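The values are calculated or read from the model by the stated rules, or taken from the named source; none is laboratory data. Bear in mind that the values here come from a model prediction, so they are computed numbers and not experimental data. FYI the Cβ positions are ideal-geometry reconstructions off the backbone, even for glycines, and counts take in every protein chain you see. Accessible surface areas use protein heavy atoms only, side chains included; no ligands, DNA or RNA. Shrake-Rupley method; radii C 1.70, N 1.55, O 1.52, S 1.80 Å.
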Amino acid sequence: MRLLVFATLFGVFLEAGDALQIQCYQCEEMKHNDCSTPEYIVNCTVNVQDMCQKEVLVKPDGIHYRKSCASSGACLIASSGYQQFCTGRLNSVCISCCNTPLCNGPRRKRPAPSAATSSLQAGSPLLLLLTFFPPLLTLLPVT
């Protein structure tokens, strides 16, 4: 009986956690990517709009941006449908989708790698050794 009650309550809390709301930037036909400021932040519709969308249009007078909330299905279909028109040249249309808060805003600069992480970059011998040969670690001498 306790297990049944626990499972029911766990399911209710799990369902409540699924109703997360994402925030995105929203603007129409803005130039210079200048709609990535707090006044353009909107709360997307819960359980409907679960992604942020960004459109980059190259027009004769410059680059224009559209940003909005979107449903994952509609956004992914649009981005794949316009992929052939994403050339970076005049009349180009590029649509991208993302699913983290405010991800359709400006790109964040990546921090410079530290000495500690640079030795564990993808493809490094040490990382390959640790990943594929963990039993070999038992053979290494402990100092």
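Placing pseudo-labels 7 Å out from each Cα toward the beta carbon at V46 and K31 gives an inter-label distance of 4.1 nm.
Between the listed residues I41, H64, S92, the Cα displaced farthest toward the positive end of the dipole of the stretch 17-98, a dipole computed from Cβ unit charges relative to the Cα centre, is found at S92.
Ignoring any ligand, DNA or RNA, what whole percent of the accessible area of the stretch 17-98 comes from carbon and sulfur when the probe is 1.4 angstrom? Carbon-and-sulfur percentage of accessible area, whole number: 53.
Rounded to the nearest 20 Debye, what is the dipole magnitude of the stretch 17-98 about its Cα centre when Lys and Arg each give +1 and Asp and Glu each give -1 at the C-beta?
For this selection, approximately 280 debye.
Under the criterion of Cα pairs below 8 Å and six or more residues apart, the relative contact order for the stretch 17-98 equals 31 percent. The mean accessible area for residues of the stretch 17-98, using a 1.4 Å probe and ignoring ligands and nucleic acids, is 58 Å² per residue. The candidates V48, V56, arranged from most to least accessible area with a 1.4 Å probe in the full protein assembly, appear as V48, V56.
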